Amino acid sequence: MDPVRYDPPARHRALTGEPVSVSAPILRSPGQPIGIQGFPGDLVRAVALRNGASVGLRPIRPDDAPRLMALCHRLSPHTVFQRFFSPRRLRAEDAHALANVDYLERMALVAELDTGQETALIGVARYGPAEEAAMADTGLVIEDGWQGLGLGSILLTELLQAGARRGVRYFRADVLTENYRTLRLLARYTHITRRTTSAGVTSITFRPHQNSVAGE
């Protein structure tokens, strides 16, 4: 599964490639805390991939910053370019910002693998506020050796469900037009409401399939 770029509004871009402030009017429960105190334990689960491997899914934590850097350094140049549209690599301050979310307006889910000696992140899906109300920008990346095993669709579906429960009605993503695998993924697992292409980049607005958030 090739990555989806997370492309927030230009006025909010920082070194992390993410918004430096939270501004979208996405709903939150009264009195619900933010930060690690609001860690949504209901999003923690184990999933089985097509190769039989068991992978843990959970919301990101502040202490994941070093693991994010390690994941980024393991990515191939091709995957890095697909994710960031440049050959960039994460710096410590970038990883710190990416690992700290409020679990409401900004959410990130990670896939982790216990190697026996340490826990490694092998995939990350995230959303953050867009300029439009109740819309979020999204990003998704899977480590090269774990692509094509169903992890991308699992993370995408879990992220969209989490966002929908928190008041996000629409999501958007920028994808390189040559990235056919990711475009097929979005076409299969989301309901696309708008799609435009310019200068080799396809911008897609989408929402979860109705049955993907049933039973909430």
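The values are calculated or read from the model by the stated rules, or taken from the named source; none is laboratory data. Since the structure is predicted, the reported quantities are computational estimates derived from the model, not experimental observations. When we count neighbours, we look across all protein chains shown, and the Cβ atoms used for this are built from the backbone with ideal geometry, even at glycine.
Tally up the residues in region 58-102 that are in a loop (DSSP other than H, G, I, E, B) and more than 15 Å from the chain's Cα centre (by Cα), please.
Here is the first cut: in region 58-102, the ones in a loop (DSSP other than H, G, I, E, B) are 60-61, 75-76, 85-91, 100-102.
Now drop any that are not more than 15 Å from the chain's Cα centre (by Cα), which leaves 75-76, 85-91.
Result for region 58-102: 9.
Identify, by number, the condition in (1) under 14 Å from ARG83 (Cα atoms); (2) surrounded by 15 or more Cβ atoms within 10 Å (Cβ to Cβ) that GLU178 doesn't meet.
Here GLU178 clears every test but (2).
Taking the criterion of being polar (S, T, N, Q), part of a loop (DSSP other than H, G, I, E, B) and closer than 26 Å to LEU71 by Cβ, would at least one residue in region 157-167 satisfy it?
First, pick out the residues of region 157-167 that are polar (S, T, N, Q): 157, 161.
Those still in the list that are part of a loop (DSSP other than H, G, I, E, B) too: none.
No, region 157-167 contains no residue that is polar (S, T, N, Q), part of a loop (DSSP other than H, G, I, E, B) and closer than 26 Å to LEU71 by Cβ.
Does region 121-139 hold any residues that are of a type in the set (A, V, I, L, M) and within 9 Å of the chain's Cα centre (by Cα), and which are they?
Residues satisfying the conditions are VAL124, ALA125.
Out of LEU185, LEU113, I need the residue that is outside any strand (DSSP E or B), touching a residue at least 60 places away in the same chain (Cβ under 8 Å) and touching a strand residue (DSSP E or B) at 6+ places or on another chain (Cβ under 9 Å). Which one? First the steps, then the outcome.
Values: LEU113 fails: outside any strand (DSSP E or B).
After applying the criteria, what remains is LEU185.
Which residue is modelled with the highest pLDDT, if the candidates are limited to region 169-181 and must be touching a helix residue (DSSP H, G or I) at 6+ places or on another chain (Cβ under 8 Å) and within 14 Å of THR205 (Cα to Cα)?
Going through the qualifying residues, I end up with PHE171.
Among all residue pairs at least 6 apart or on different chains, which show Cβ distances below 9 Å where the first residue, located in region 82-99, is within 23 Å of ASN179 (Cβ to Cβ) and the second is at pLDDT below 85 and basic (Lys, Arg)?
GLN82/ARG5; ARG83/ARG5; PHE84/ARG5; PHE85/ARG5; ASP94/ARG88
Given the conditions (1) surrounded by 12 or more Cβ atoms within 10 Å (Cβ to Cβ); (2) of a type in the set (Gly, Ala, Ser); (3) under 26 Å from ARG165 (Cβ atoms); (4) at pLDDT 80 or above, report the number of the one that GLY41 does not fulfil.
Of everything listed in (1) surrounded by 12 or more Cβ atoms within 10 Å (Cβ to Cβ); (2) of a type in the set (Gly, Ala, Ser); (3) under 26 Å from ARG165 (Cβ atoms); (4) at pLDDT 80 or above, GLY41 misses just condition (1).
Conditions first: (1) within 19 Å of LEU43 (Cα to Cα); (2) free of Cβ contacts under 8 Å to residues at least 60 places away in the same chain; (3) part of a strand (DSSP E or B); (4) not aromatic (Phe, Trp, Tyr). THR193 passes all but one, so which condition is the exception?
So THR193 meets the others, but not (1).
Among ARG61, ARG83, ARG91, which is farther than 19 Å from ASP144 by Cβ, modelled with pLDDT under 95 and of a type in the set (Lys, Arg)?
Unique residue meeting the criteria: ARG91.
Taking into account only those residues within region 70-94 that are aliphatic (A, V, I, L, M) and in contact with an Asp or Glu (Cβ under 8 Å, 6 or more places away or on another chain), which is farthest from TYR127 (Cα to Cα)?
LEU75
Assess whether ILE154 counts as being in contact with a Phe, Trp or Tyr (Cβ under 7 Å, 6 or more places away or on another chain) and of a type in the set (Val, Ile, Thr).
no
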